[in-house]
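The values are calculated or read from the model by the stated rules, or taken from the named source; none is laboratory data. Just so we're clear, the structure is a prediction, and the values are computed from it rather than from any experiment. Heads up, the Cβs are rebuilt from the backbone with ideal geometry, glycines too, and the neighbour counts pull from every protein chain shown. Only protein heavy atoms, including side chains, enter the accessible area calculation; ligands, DNA and RNA are left aside. Shrake-Rupley method; radii C 1.70, N 1.55, O 1.52, S 1.80 Å.
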Amino acid sequence: MMKGYFFLLLIILKPTVLLAQKPASLPKHTALSTPELSFEVLWNTFQDHYAFFKVKEVNWHQAYRKYRPLVHAHTTEDSLFSICSAMLLPFRDGQVRLVNNQGKVFQGSRFIHKSSILSPLKSFYPDYSILAQQGFQKEQSLGPMVHQQPWISYALSPKLAYVRVNRFFADSTADLKSAVKNLARHLDTLFSKIAMAPGLIIDLRNTRGGQRAFAYEWVTRFISKQTVGLYRRDRQPGVNYEDLTPAETEFVEPGTAKPYSGPVALLTNPYTADAADVFTVIMNEVPQVLLIGENTLGNYSDPYWFRLPNGWNVSLSNQRYYNARMICYEGMGTPVDILVKNNNNSSTQDPVLMRAIQELMIRVSTDK
């Protein structure tokens, strides 16, 4: 089940791990002190390779004029880290990272939709008593524990199946090929359990991080023919921020002879990110899928890693990904079909989940 994937390396932000380095851009004049040259390389590499200056509304030349005078030959590493972090903060981009030689990490704050009422990192692992009240059996789990939560959990009712996806990656000690094969085995088990359910809910609220190959492996269980996953264009080096490579097509192949064909509700919120973003943007094109909740984060690009002269590692968003209709949702998130505000009082109520149950029951009844 390894057909048609675009593989993404899992990056672990530790100084002992070798990151796959891309070219960095040097300034015109390199006879500078290490702090000054490091700043210049950071600025110039973003200038040449960052793909979303307009989306993020960042005036990069204005940032240079503001922060460059603060850096000189005697700037300490701590001061330089603070200066660079402040310059990068306005991107609000989770793929923008700065990692110093001691392993200290700056990661750009996520682009959170202003309409959201969520508290930061609010958990959405629903109280299963809510599901029990709707006729669902006891929760089951599959795979390893990730962040103290089951990798995949599910519950069944006479009419519906509920699946919660914690993350789109596995144990970081496993190589990607083995990890995807491991996921495929777990999905074989999962879909053997839920195959007879007339309707399916997949809860992706707060499903952050992961690997594109994992998202594609999930998609294979819902398609019966080769399907366009995403179109990709890379930022071309230069002063023109809109100069991009021609679109490359990423296809997804069917992963089973009997894909799930019942109505599917995907539950999303502004913390549905990265590989979960990828999954939703592809699944949004599958006819029987309904997105309920709030738009996803809108963070699709893989990280472009480069190294500064002082040894620090930096990443940025270098790619634009488009859906099958050539729409890029970076910064906006995959749009929902039915907008329902996620509720912080999920221990007593869960309007997104209840709306999904309601919508699927209508469709299940109609399909009879």
Is one or more of the residues making up segment 216-232 in a loop (DSSP other than H, G, I, E, B), crowded, with 20+ Cβ neighbours inside 10 Å and in contact with a Pro (Cβ under 6 Å, 6 or more places away or on another chain)?
-> yes
Would you say Val163 is β-branched (Val, Ile, Thr), within 20 Å of the chain's Cα centre (by Cα), crowded, with 17+ Cβ neighbours inside 10 Å and in a strand (DSSP E or B)?
-> yes
Considering (1) surrounded by fewer than 24 Cβ atoms within 10 Å (Cβ to Cβ); (2) under 21 Å from the mean Cα position of the chain (by Cα); (3) under 20 Å from Gln211 (Cα atoms), say which one Gly255 fails and leave the rest.
-> (2)
Residue satisfying all of: in segment 58-89; open to solvent by 10 Å² or more (accessible area, probe 1.4 Å), closer than 30 Å to Cys328 by Cα and in contact (Cβ under 8 Å) with a residue 24 or more places away in the chain; farthest from the chain's Cα centre (by Cα) among these = Ala63
Could you please find all residues in segment 270-294 being among the acidic types (Asp, Glu) and either in contact with a His (Cβ under 8 Å, 6 or more places away or on another chain) or assigned to a strand (DSSP E or B) (or both)?
-> Glu294
Would you be able to say whether some residue in segment 338-361 is surrounded by 22 or more Cβ atoms within 10 Å (Cβ to Cβ) and within 30 Å of Ser38 (Cα to Cα)?
-> no
Looking at this structure, is Val264 open to solvent by less than 10 Å² (accessible area, probe 1.4 Å), touching a strand residue (DSSP E or B) at 6+ places or on another chain (Cβ under 8 Å) and within 24 Å of Leu353 (Cβ to Cβ)?
-> yes
Scanning segment 283-336 residue by residue, those open to solvent by 20 Å² or more (accessible area, probe 1.4 Å) and of a type in the set (Asp, Glu) turn out to be Glu285
Pairs returned, first residue in segment 251-266 that is in contact (Cβ under 8 Å) with a residue 60 or more places away in the chain, second residue that is outside any loop (DSSP other than H, G, I, E, B) and aromatic (Phe, Trp, Tyr), beta-carbon separation under 6 angstrom, 6 or more apart or interchain, are Val252/Tyr216; Tyr260/Phe222
Output for segment 191-211, where each listed residue is part of a helix (DSSP H, G or I), touching a residue at least 24 places away in the same chain (Cβ under 8 Å) and open to solvent by 20 Å² or more (accessible area, probe 1.4 Å) = Phe191, Lys193
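Looking at Ala324, Ala356, Ala275, which one is closer than 28 Å to Lys225 by Cα, among the small types (Gly, Ala, Ser) and under 12 Å from the mean Cα position of the chain (by Cα)?
The conditions single out Ala275.
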Of all residues in segment 255-269, how many are in a loop (DSSP other than H, G, I, E, B), of a type in the set (A, V, I, L, M) and modelled with pLDDT of 95 or more?
-> 0
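Take residues that are modelled with pLDDT under 95 and tell me which of the helices (runs of 4 or more DSSP H) falling wholly in segment 1-93 contain 3 or more.
Correct list: 53-56.
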